[in-house]
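This report concerns only the one structure given below.
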Amino acid sequence: MRSGARVAGFGLLAACACAGFATAFSLSSTAGAETGTTTTSQPTTTLQPTEPPPTTEPPPTQPPPTEPPPTKPPPTKPPPTSRPAPIPFGVTIGGVKVGGLMPGRATTLVQRSFARPLVLVASEARRLRVEPRTIGATVDVPKAIRRARLARPGASIPLGVAVRQPRVAGYVDRLGRQFDLEPVDAHLVLDGVKPRAVPSREGRLLRRLPARREIRKALVLNTRAPIQLRFATLKPKVVTAELDQAIVILRTSNRLLFFNDAKLVRWFGIATGQARYPTPLGEYEIVNMQRNPWWYPPPSPWAAESDPVPPGPGNPLGTRWMGLSAPYVGIHGTPDAASIGYSASHGCIRMRIEDAEWLFRRVKIGTPVFIIAR
C-alpha cells in the first residue's frame, strides 16, 4: 500500500516537469516568430538570452535651424574683498590714540580732535573761543591715516597742519584792537562848574608776536590747553592830578571862579572877548606869569598899527599877566574897569587890577583853567 502511493507521487512530479519545459519552449518559439526570423528546429538543451532588436521607427521631426541666441557669460563671483587691517597698537596721530582702530574710526576721532576750538584767555573774566577753520588752519587727515597704518607699533605720527600766517596775524591784530587800552593821565574834569580830579590809569598793549606763535603751536601740535594772552603795560605820563588850585571861567556869565582843594574860594566879575574875537572854550593851564608886564601887539589885524606899551598906568594888561596855553590869551588886570561884566576884549580875560593881583598871589605855573560857555 505504501509502495504504491510512493510510485504515484514520483509519476506526478515527472508530469509537472514535462509540462513546465513545454511551456518555456512555447514562449521562446513565439518570441522568435514576432521578430520575423526563422529558426531551425534543432533540439537544444540550453536557452541563450536574446537582446531586443533595434527599433526601426523614424526619428522625430525637428524645427529648422535658427540663429542661436547670444550666450551670456556665466556669472562670476567677485573676488572676496579684503578687510583693511587695523592700525598698529600704540600709534598716535597728533596726540590722538588710534592704535588698534580701523581707519574709518581713526579718521573720525582725529577730525573731531582737531576741530576743537582754541581758548584764549585775556583776563580772569574774559575768555575767547576760536575754531581752527576761522583762522585758516587745515589738516590732511587721510595722509596721516596712511602713515599710521604703515607705522611701527607705538609710533607718534604728526598731524600735518597747514596754518595761514596772514590769517593768524590778522586775527591777532583784531584781538589787539579789541583789548588794547591807551594809558590815561591823571587830570581834572568839571562836574557842572566844579573841578574834579580823575586818577591815572595804566594802558596795555597786546603782544602780537607771542600770541601768533602760541596759536600756531597749539594748532600744529593739536593741543587745546588755554592760551594766556600777554600784554605790555603802558604807563601814563601824569600819575597824579593835584587839585590844589583851579580856575573856571564862565564866558557867557562873565565870571571867574577860583577853587582850592575842590572848594570854591572866591568868584570875580570879568570881561571876555567880543563876538568878533571870542575867548576860546576848552581846558588850558597857566604857562606864563609876569609882574608889571609889557604889552606887545599880537599878530592880529586889530593891532596891526599898534606899538609895544611898557609897564605903567596906561598898560592895557594892568600890573599882572597870567598867560594861558591858548595862544595870545591870558588873564590880566585892566585899567578900563567899566568893561568888566561885558564881552569887550580881544579874547583875553580882563579883571580889575586889585582882583588880578589877588589871584596872581594864589596861582602858579600849571594851574588848570577851564573856559566854558555858561
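General observations
- Rounded FRET efficiency, nearest 0.05, which uses the C-beta distance separating A115 from L221 and R0 of 22 Å: 0.90
- Computing FRET efficiency as 1/(1 + (r/R0)^6) for R174 and L264, where r is the C-beta to C-beta distance and R0 is 45 Å, gives about 0.40.
- For R133 and L234, a Förster radius of 35 Å and the Cβ-Cβ distance give a FRET efficiency of 0.55, rounded to the nearest 0.05.
- Full-extension gain in nm, E354 to S306, via 0.36 nm per residue minus C-alpha separation: 14.6 nm
- Summed residue charge, Cβ within 13 Å of P199's Cβ, Lys/Arg positive, Asp/Glu negative: -1
- Charge dipole magnitude, Cβ of K and R +1, D and E -1 - region 245-372, Cα centre, debye nearest 20: 340
- Distance between region 273-325 and region 129-184 - C-alpha centres, whole angstrom: 66
Taken together, the values in this text are just the output of simple stated rules run on the coordinates, not laboratory data. Fair warning: this is a prediction, and the values are worked out from it, not measured in the lab. Don't worry about glycine lacking a Cβ; one is built from the backbone with ideal geometry, like all the others, and counts go over all protein chains shown.
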